[in-house]
Amino acid sequence: MPYEIVKPGTKIDFIGKRRLCAMLSAGLIIASLIATQVNGIKLGIDFAGGTEVQLTFEPQVDVTEGPIREIVSAIEGIDDPSVIRYGDPVDNEFLVKFQGSVKTGDASAGVDRVTEIQQAVIAGIGPLRGGKISRVEFVGPKVGPELRNDGLSSLFYASLVVLAYIAFRFSSRFAPGAILAVLHDLTVTAGIFVMLGLEFDLRILAAMLAILGYSLNDTIIIYDRIRENLELHTKHDLAEVLNLSVNQTLSRTILTSATTLLALASLYFLGGEIIRPFAFAMVMGVLVGTYSSIFIASPTLLLLEGRFASK
């Protein structure tokens, strides 16, 4: 017998809370849009262009992010660098990121500029004994926007393919709820990043694609049960069928989300600074996606009931 967190026969009135949840979701979306207009989107060097420098120090050298940030900030042409420690702390490795290092479209001039920055960083970290530059990479001002546009196109086309699958597997009446849930999840998750001033880069784009799939998977499970119950309980009204279906799949929803969050928590706390933004975005996406599959996707069917019933 499968383990059930929620006892069979549980009757939580999820649909009865749809108006309250609609107001909550509307508030989150409005706050996300306002934050985007006020704060702007902070693009990482993957999308905006910039330079990434890997610094390595002798194991016995006691150095932290603060002194490195001060040294790099003093270099002409570098503003607001990001310095993070990554890997095993014993390795004493740091990753320095900053934008606007290459201000020209000429390839040779770009290489000369990176060499200049590399020499300046080497001179700057001189007082920090044992420091050396292990790697320097840069994304030019033309490549960054191309990566951004390609990434957004991937997100858009992936959404179309999955939504077409939903319309094919179920019916057109189910598609609007899935679309609203996905838009809700992506908007709110992105809004959280904007409000916290976190960077958008390729890692976050990958997280957004994963969130899209996860949210739709949750929605499909509930929709599948709704379709079955619509055939089994023809005398019940739609609100009763929706509540029944959500309650029947609630144990599965909680277990799946909890297991996923446990794995993501391990990534966030143990995976290091490099993977932490991805893990954080995924945690937010799983929480928001679980909420939307219950309180956005399902109630949308009820909202559109009259329209489809008349056809």
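The values are calculated or read from the model by the stated rules, or taken from the named source; none is laboratory data. No experiment lies behind these values; they were computed from the predicted model shown. Cβ placement follows ideal geometry from the backbone for every residue including glycine, while neighbour counts extend to all protein chains displayed.
Within segment 13-25, track down each residue that is aliphatic (A, V, I, L, M) and within 19 Å of GLY285 (Cβ to Cβ).
Matches in segment 13-25: LEU24 only.
Can you find, within segment 51-100, the residue that is modelled with the highest pLDDT among those that are small (Gly, Ala, Ser), surrounded by 13 or more Cβ atoms within 10 Å (Cβ to Cβ) and out of contact with any Gly (no Cβ under 8 Å at 6 or more places or on another chain)?
Within segment 51-100, the match that is modelled with the highest pLDDT is SER82.
Check GLY285 against each of (1) farther than 22 Å from LYS7 by Cβ; (2) surrounded by fewer than 16 Cβ atoms within 10 Å (Cβ to Cβ) and name the one condition it does not meet.
(2)
For segment 254-273, check the following and say yes or no: at least one residue is of a type in the set (D, E, K, R), surrounded by fewer than 22 Cβ atoms within 10 Å (Cβ to Cβ), out of contact with any Asp or Glu (no Cβ under 6 Å at 6 or more places or on another chain) and in a helix (DSSP H, G or I).
No, segment 254-273 has no match at all.
THR256 - would you say it is modelled with pLDDT under 90, hydroxyl-bearing (Ser, Thr, Tyr), more than 17 Å from VAL182 (Cβ to Cβ) and out of contact with any Phe, Trp or Tyr (no Cβ under 8 Å at 6 or more places or on another chain)?
Taking the combined requirement at face value, the residue does not satisfy it.
State which residue pairs qualify: first residue modelled with pLDDT under 75 and inside segment 155-177, second residue assigned to a loop (DSSP other than H, G, I, E, B) and of a type outside the set (A, V, I, L, M) in any location, beta carbons under 7 Å apart, and separation of 6 or more residues or different chains.
Correct list of pairs: ILE166/PHE174.
Listed residues LEU216, LEU230; which is assigned to a helix (DSSP H, G or I), in the same structural domain as SER32 (by the TED database) and crowded, with 17+ Cβ neighbours inside 10 Å?
Matching residue, one of LEU216, LEU230: LEU216.
I'd like to know if segment 127-142 contains one or more residues that are at pLDDT below 80, more than 27 Å from the chain's Cα centre (by Cα), of a type in the set (D, E, K, R) and over 20 Å from THR51 (Cα atoms).
There is at least one residue in segment 127-142 that is at pLDDT below 80, more than 27 Å from the chain's Cα centre (by Cα), of a type in the set (D, E, K, R) and over 20 Å from THR51 (Cα atoms).
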